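Right, one structure below, let's go through it.
Nothing in this text is a laboratory measurement; each read-out follows from the coordinates by a stated rule. Quantities reported herein were computed from a predicted structural model and do not represent experimental measurements. Heads up, the Cβs are rebuilt from the backbone with ideal geometry, glycines too, and the neighbour counts pull from every protein chain shown.
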Amino acid sequence: MRLFALGTLLLAFAVVAPPPAIVAHGRTAMHDLVPAPVSVRPARGAFTLRPGTAIASDDAGVAAYLAGVLRPATGYALPIRPKGAISLRLEGAPASVGPEGYQLDVTPRGVTIRARTPAGLFNGVQTLRQLLPASVESPSVRPGPWQVPAGRIVDHPRFAYRGAMLDVARHFHPVETVKRYLDRIALYKINHLHLHLSDDQGWRIAVDSWPRLTTHGGSTQVGGGPGGYYTKADYREIVAHAARRHITVVPEIDVPGHTNAALASYAELNCDGVAPPLYTGVKVGFSSLCTSKEITYTFVRDVLRELAELTPGPYVHLGGDEADATSDADFATFVNRVHPMALSLGKKVVGWHQIAAPDVRHSPGRVLQYWGLTSNDATVTQAVANGAKVIMSPANKTYLDMKYDATTKLGTTWAALIEVRDAYDWDPGTHLAGVPESAVLGVEAPLWTETLATEEDLEYMAFPRLPAVAELAWSPRSTHDWASFRERLAAQAPRWQALGIGFHRSSQVPWRA
């Protein structure tokens with residue numbers, strides 16, 4: 001069985017034995033990459049980054065990003081010039097790489113990344129980072145040498161949407177924490193950050209026409225802490241930081257349930273006209289906007305308008321889950337009025353898969369985010385038949401806030417205990433009956449924060465499972481192999497240490513540091 005698995009892995013990666021210099025201590029071999037590329041062909045030798053190395057690029061943004069990553073540890077100037085030993089080109093890439101793929105060629109004389117778009121170049125740069133020694137991620141000068149193994153990689157993603165979700169409503173996390181999370185997810189070629197901006201415990205985005213949403217509704221969090229919120233300038237800073245990493249921000253305003261922070265801020269949004277107290281617990285399903293009041297739709301329209309003005313991406317997420325305090329008829333009435341508002345603003349609607357409920361009309365471009373625990377859901381199947389796409393986020397596979405095992409101090413267990421292999425060993429393209437791979441827009445790993453109050457908490461729960469989900473979203477099905485993945489994941493540990501990421505040392509992974 002082990003021989004069969006090894007043979008399959010070698011065939012999938014087209015790997016030939018690299019020379020000893022490539023696998024010596026402190027260097028990263030081409031077959032240690034996460035996510036696994038489509039095609040890897042190692043060659044003899046290596047390129048060495050030197051003090052005089054320059055970067056040439058057809059995209060100034062990607063070049064500046066690469067230089068910014070490499071300068072602190074190497075201490076090299078790495079100027080950006082018309083010609084350089086590292087060359088980033090928007091020409092010459094095969095058509096097969098598509099809009100986000102790349103071809104990376106390394107010889108002893110230089111490194112060339114070719115792509116059809118800047119996003120493809122950026123993804124190639126992430127691979128180049130992993131080919132360098134892990135200490136290249138250090139914030140201070142390290143001795144090197146800085147060698148890149150020779151060979152060719154041709155690579156492109158399996159799914160267009162590769163996401164991570166960060167809940168900043170249950171516990172508020174400041175701008176700098178979100179920016180660092182963007183930096184972390186970019187390394188694994190994730191291209192969407194879903195921000196859960198509102199919930200019962202807090203409202204986190206400024207809305208000028210409804211200012212008490214933040215000044216009152218944003219003033220607390222789970223456990224009664226100080227809460228917080230993003231000004232419009234804060235949010236723009238997050239969006240701009242994401243854009244420089246070719247990541248699209250998907251903002252979520254969860255309606256009609258999960259709305260106690262809004263209801264507490266404005267009494268008129270309640271059917272009885274009485275504002276409830278602010279909420280700091282973790283129970284769900286008890287709140288609802290008053291769907292029979294016209295002021296509710298004025299409120300939603302104003303929020304969506306201001307949010308759309310801040311968000312250049314194509315999506316807004318309108319929640320729709322666990323609306324237990326809203327009757328089925330009222331839920332359908334609400335959704336059928338609200339979704340067209342987003343469309344009128346030029347946005348496609350994403351919602352939790354409950355928006356596929358009976359009597360909810362299909363809207364063009366609608367995307368369901370599936371978080372269910374089973375492999376069958378008739379309403380999702382019917383919505384797909386009507387043209388909906390699906391983001392796969394089964395809670396018992398992808399929810400990064402679930403405990404690793406019974407001894408994990410952080411997290412919850414309602415969906416499952418999720419060890420690294422549980423997060424990795426499933427197929428998004430076949431997971432849900434009646435949903436063909438062609439209907440799967442992508443995969444997302446949500447990180448809910450009922451128990452996660454600090455940046456260190458986020459990192460511990462996200463790593464090493466986030467890279468596992470990222471590989472499912474990027475890599476071809478043919479490369480899926482747990483025995484290979486656990487070894488490649490183990491090689492990431494020194495990189496995370498250099499980056500200062502405090503990760504969970506799962507006993508399932510033979511860590512290298």
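Just to confirm a number: summing +1 for Lys and Arg and -1 for Asp and Glu over residues other than residue 350 whose beta-carbon lies under 11 angstrom from that of residue 350, what do you get? Net local charge, residue 350 excluded: +2.
Packing, as the average of other Cβ atoms within 10 Å across residues, places the peptides 239-247, 442-450 in the order 442-450, 239-247, highest first. Modelled spin-label separation between residue 50 and residue 433, with each label point placed 7 Å from Cα along the Cα-to-Cβ direction: 6.4 nm.
Measuring max minus min along each principal axis, the C-alpha atoms of the range 367-429 give extents of 44, 19, 17 Å (largest first). Computed from the Cβ-Cβ distance with R0 of 60 Å, the FRET efficiency linking residue 41 to residue 417 stands at 0.95.
Seen from residue 508, the other residues with C-beta closer than 12 Å to its C-beta sum to a net charge of -1, counting Lys and Arg as +1 and Asp and Glu as -1. With N the number of residues in the range 89-183, Rg(Cα) / (2.2 N^0.38 Å) evaluates to 1.33.
Taking R0 as 35 Å, what's the FRET efficiency between residue 236 and residue 336 from their Cβ-Cβ distance, rounded to 0.05? My answer for the efficiency is 0.65. Ranked by the mean number of other Cβ atoms within 10 Å of their residues, highest first, the peptides 497-510, 202-215 come out as 202-215, 497-510. The orientation-averaged projection of the convex hull spanning the C-alpha atoms of the range 262-302 amounts to 3.1 square nanometres.
Relative to the 2.2 N^0.38 Å rule of thumb, the range 356-513 has a C-alpha radius of gyration ratio of 1.11. So the label point goes 7 Å from the Cα of residue 140 along Cα→C-beta, right? Which residues of the range 490-513 then have their backbone N under 11 Å from it? Under cut-off, by backbone N: nothing.
Electrostatic tally near residue 389: other residues with Cβ closer than 10 Å to its Cβ, Lys and Arg +1, Asp and Glu -1, net +2.
The Cα-based radius of gyration and maximum Cα-Cα distance (Dmax) for the range 445-513 are 12.8, 38 Å. Remark on the range 274-379: Rg and Dmax equal 14.4, 41 Å (Cα only).
Using only the Cα atoms of the range 117-249, build the gyration tensor, take square roots of its eigenvalues as a ≥ b ≥ c, and label the shape rounded, prolate or oblate: rounded if a/c is under 1.5, else prolate if a/b is larger than b/c, else oblate. Prolate. Starting from a Cα-only point model with no solvent, please compute log10 I(q)/I(0) by Debye for the range 66-137 at q = 0.16, 0.24 1/Å. For the requested q values the scattering log ratios are -0.56, -1.15.
Rg then Dmax, both in Å and based on the Cα atoms of the range 193-332: 14.6, 46. In terms of distances greater than 25 angstrom between alpha carbons, the cross-link table entries 83/189; 189/389; 232/397; 179/389; 283/348 yield 83/189; 232/397; 179/389; 283/348. Extension gain for residue 58 to residue 507 (0.36 nm times residue separation, less C-alpha to C-alpha distance): 157.2 nm. At q = 0.07, 0.09, 0.11 Å⁻¹, work out log10 I(q)/I(0) for the chain with the Debye formula, treating every Cα as an identical point scatterer and leaving solvent out; two decimals please. Here log10 of I(q) over I(0) equals -0.39, -0.64, -0.93. Each eigenvalue of the Cα gyration tensor of the range 194-242, multiplied by 5 and square-rooted, gives one semi-axis; in descending order these are 19, 13, 9 Å. Evaluated at q = 0.11 Å⁻¹, the base-10 log of the normalised Debye intensity for the range 322-397, with identical point scatterers placed on the Cα atoms, takes the values -0.27.
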